[in-house]
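A short worksheet on the structure shown next.
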Amino acid sequence: MPDKNYKRHDRSDIFIHWFNAVCWLLLLLTGVGLIGNPAVDPFGSGYPAWLRSVVGGGGNLLAVHEGIGLAWIAGFILYMLVNFRGARFFLAEVFAVNPARDMAWMLKKMVLMTLGPKALKMVGADPELPDQGYYNMGQKAFAQASVVGGVVIAVTGVIMYLSDRTFGAEATGMVGWAVAVHFIAVGLVFAGLLVHVYMAAISPEERPGFKSMFTGVVPDGYARHHHRLWWEKVRTEPEQGSE
């Protein structure tokens, strides 16, 4: 008999996840193309010049980057209006950290991924991970970085967008700081994104979680093993599950 499935994501949640992913990818590709320093060229020599030639110059590329950024911000505002309850639930879950349980999960997970269970047993620690709720601590950490980093990226991006449209010479210092902070925030979020992509899409044990970002549901076995505290809550609620 197949596992019972539990609803995990609404259609609006799935949409905003992939909308965010596409926008981040396009913003990264166009943003790197705007870098005029040859010493900073992560995609290989000549990428910025090539991309600028494709879109008809640096001015056009900047307009494309700004347009995608404004659409990204507008998309999140629309999501908040359409599914405010879901957005509030997401923020409450990812920022609710139990120091003892969640920090233990994070430390053990890092050791298991690098040194294996024997390393934990050698120091007398149980290699079994502490039970987790709707999100595990790894997902919470990335979500926290994404939310804070996303707000910083959006705010600094808007400041740069308005720099030659609204602000005067007196705002030069603020715009300079916005540029620096924008680049730092993008770098930190991108670093976390690489780990997130591996854990969510490549790691075999997380494959059901990845599929849920298309189907909206996860099987009983996955929910019980990876999100036991959440599973214990929803398994007694028939309306949350489906055969």
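The values are calculated or read from the model by the stated rules, or taken from the named source; none is laboratory data. All values derive from a computational prediction rather than experimental measurement. Don't worry about glycine lacking a Cβ; one is built from the backbone with ideal geometry, like all the others, and counts go over all protein chains shown. Heavy atoms of the whole protein, side chains included, go into the accessibility calculation; ligands, DNA and RNA do not. Shrake-Rupley method; radii C 1.70, N 1.55, O 1.52, S 1.80 Å.
Just a few scattered comments:
- Of all residues making up region 122-155, the number that are farther than 21 Å from Ile184 by Cα, of a type in the set (Val, Ile, Thr) and either surrounded by 13 or more Cβ atoms within 10 Å (Cβ to Cβ) or touching a residue at least 12 places away in the same chain (Cβ under 8 Å) (or both): 0
- Whichever residue in region 175-194 is open to solvent by 90 Å² or more (accessible area, probe 1.4 Å) and within 15 Å of Phe142 (Cβ to Cβ) and, among such residues, is modelled with the highest pLDDT: Leu188
- Qualifying residue in region 10-26 (condition: within 20 Å of Phe214 (Cα to Cα), among the charged types (D, E, K, R) and open to solvent by 40 Å² or more (accessible area, probe 1.4 Å)): yes
- Looking only at region 156-174, and only at residues there that are open to solvent by less than 60 Å² (accessible area, probe 1.4 Å), part of a helix (DSSP H, G or I) and modelled with pLDDT under 90, the one that is nearest to Gly67 (Cα to Cα): Ser163
- Taking the numbered list (1) in contact with a Phe, Trp or Tyr (Cβ under 8 Å, 6 or more places away or on another chain); (2) open to solvent by less than 50 Å² (accessible area, probe 1.4 Å); (3) closer than 21 Å to His182 by Cα; (4) of a type in the set (A, V, I, L, M) in turn, Leu70 passes all entries but (2).
- Of all residues making up region 30-69, the number that are without any contact (Cβ under 8 Å) to a residue 24 or more places away in the chain and either assigned to a helix (DSSP H, G or I) or touching an Asp or Glu at 6+ places or on another chain (Cβ under 6 Å) (or both): 14
- Answer from Arg224, Arg228 - the residue that is in contact (Cβ under 8 Å) with a residue 12 or more places away in the chain and among the charged types (D, E, K, R): Arg228
- Scanning region 230-243 for residues that are modelled with pLDDT of 50 or more and in contact with a helix residue (DSSP H, G or I) (Cβ under 9 Å, 6 or more places away or on another chain) yields Trp230, Trp231, Glu232, Lys233, Val234, Arg235.
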